[in-house]
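Participant: Before we start, here is the structure in question, set down as structure tokens.
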Amino acid sequence: MAMWRRFYRLVLVVVWFIVMLPPSLIAQLGGWGGVRRVTWFTRLWARGLARIANLKLKVIGDPKRFRGGLILSNHLSYLDVLSHASVFRIRFAPKVEIRSWPVLGWYIAVSRPLWVDRKNKLKTRKIAEEYCETLRHQIGMLVYPEGTSTSGEEGLRPFKSTPFEAACQARAPIQPVITMYERTPDGRTPAWYGDQKLLPHIWWVLGQKEIRGTLLVLPLQEPCSGNEDRKEVANRMRKLMLAAYNELHGTHFQ
């Protein structure tokens, strides 16, 4: 049964990509209006993929209050992208290495993302400027400030402060989100982290009857309070999110 489910879903994914491609190509034309339009199609694209994978999300809080700015979340898996993009209108900021991935890299490029190349300081500076401009235009940007995916069972790692510089400069609101997934009946977690191989994990996910997750949408936060610098904002956001994480998981991480 699981094998047939995998092949059936793969066919649906290909069909969904083909269906979504023409309107996405048209929507992304133009300046900032094109960037804003394509975030609508990105949300539609993510909702379709989440439905194909039978990713069932329970949303706690009110995501409709978010009208653009910086979205923060703990990072557990590539499934996070589907989870968050199906709820929020987002402009992606993927690693430049993904651009060379077959099919998917080209498809993501259609959404006019900000390709992050940490090895090129000049490009990093230009990306930071466009990141700030994106926030000024009240377009949602998704950031995983821990910098890597985790098991989701060990609290939150220290936050990298760089993304908060753009939020402070643009005076953009910050939307913190806590993400979690339930273990499947076989006892495995949908989290993809450490040295796990990507394709075998995707193959396993496609074989699951359903994946259940929860998004805890916390109240919107001001980017800077008083004379805070980006590190102080990062620490403030981590404390806020860790308190919510501990309450949601019944833990006491520091």
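The values are calculated or read from the model by the stated rules, or taken from the named source; none is laboratory data. Computed from a predicted structure; not experimentally measured. Cβ sites come from the backbone with ideal geometry, for glycine too, and all protein chains shown count toward neighbours. The area values use the complete protein model at the heavy-atom level, side chains included, leaving out ligands, DNA and RNA. Shrake-Rupley method; radii C 1.70, N 1.55, O 1.52, S 1.80 Å.
Participant: Under 5 Å between amide H atoms, partner at least 5 residues away or on a different chain: which partners does G152 have, H built in plane at 1.01 Å?
Facilitator: Counting only residues 5 or more places away or on other chains, the set is empty.
Participant: Highest first, please rank the peptides 29-40, 12-23, 128-139 by the mean number of other Cβ atoms sitting within 10 Å of their residues.
Facilitator: Output ranking for 29-40, 12-23, 128-139: 128-139, 29-40, 12-23.
Participant: Which helices, taking whole DSSP H runs in the chain, have alpha carbons extending 18 angstrom or more along the helix axis plus mean Kyte-Doolittle at least 1.0?
Facilitator: 2-27
Participant: Based on DSSP H runs of at least 4 residues, each adding -39500 (n - 2.57), what is the mean residue ellipticity at 222 nm of the chain after dividing by all its residues, to the nearest 500 deg cm²/dmol?
Facilitator: -14500 deg cm²/dmol
Participant: Under a 1.4 Å probe, what is the accessible area of the chain per residue, stated in Å²?
Facilitator: So the chain comes to 54 Å² accessible per residue, rounded to a whole number.
Participant: Here's a follow-up. Given a 10 angstrom Cα cut-off, can you work out which residue in K197, K239, K126 is the most mobile in a GNM of the chain?
Facilitator: Per the Cα network of the chain with a 10 Å cutoff, K197 tops the list.
Participant: Work out how much length L240 to I26 would gain on full extension: take 0.36 nm times their residue separation and subtract the Cα-Cα distance, in nm to one decimal.
Facilitator: Going from the current span to full extension adds 73.0 nm.
Participant: Can I ask one more? Calculate one ³J(HN,Hα) per residue across the range 66-75 by plugging θ = phi - 60° into the Karplus curve 6.51 cos²θ - 1.76 cosθ + 1.60, and present them in order as whole Hz with x for glycine and proline.
Facilitator: Result, rounded to whole Hz: 7, 10, x, x, 9, 9, 10, 8, 5, 10.
Participant: Roughly how many percent of the accessible protein surface of the range 4-111 is carbon and sulfur, given a 1.4 Å probe and a whole-percent answer?
Facilitator: 67 percent
Participant: So, one more: Would you give the gap between the C-alpha center of the range 52-95 and the C-alpha center of the range 180-254, rounded to a whole Å?
Facilitator: Spelled out, the Cα-based centre of one part sits 11 Å from the other.
Participant: Say the cut-off is 32 Å between C-alpha atoms; which of K56/K126; K64/K160; K58/K197; K119/K209; K58/K126; K126/K209 go over it?
Facilitator: Too far apart for the 32 Å limit: K56/K126; K119/K209; K58/K126; K126/K209.
Participant: Here is a further query. Pick out which of D186, D117, D62 has the largest mean-square fluctuation in a Gaussian network model of the chain, springs linking Cα atoms closer than 10 Å.
Facilitator: Greatest mean-square fluctuation among the candidates belongs to D186.
Participant: How much of the DSSP bridge set in the chain is antiparallel, in percent, rounded to the nearest 5?
Facilitator: 25 percent
Participant: Would you grab the residues whose amide H sits under 5 Å from the one on I211? Only those 5+ places off in sequence or on another chain, please, with H modelled 1.01 Å from N.
Facilitator: Those qualifying (amide H under 5 Å, at least 5 residues apart or on another chain) are L55, K56.
Participant: Continuing with this model, one more query. Please list, in order along the range 137-149, the HN-Hα scalar couplings obtained from phi with the Karplus expression 6.51 cos²θ - 1.76 cosθ + 1.60 (θ = phi - 60°), rounded to whole Hz, x for Gly and Pro.
Facilitator: These are the phi-based 3J(HN,Hα) values: 8, 6, 10, x, 10, 9, 10, 10, x, 5, x, 7, 7 Hz.
Participant: Taking H placed 1.01 Å from N in the peptide plane, check which residues at least 5 places from I90 or on another chain put their amide H under 5 Å from its amide H.
Facilitator: R43
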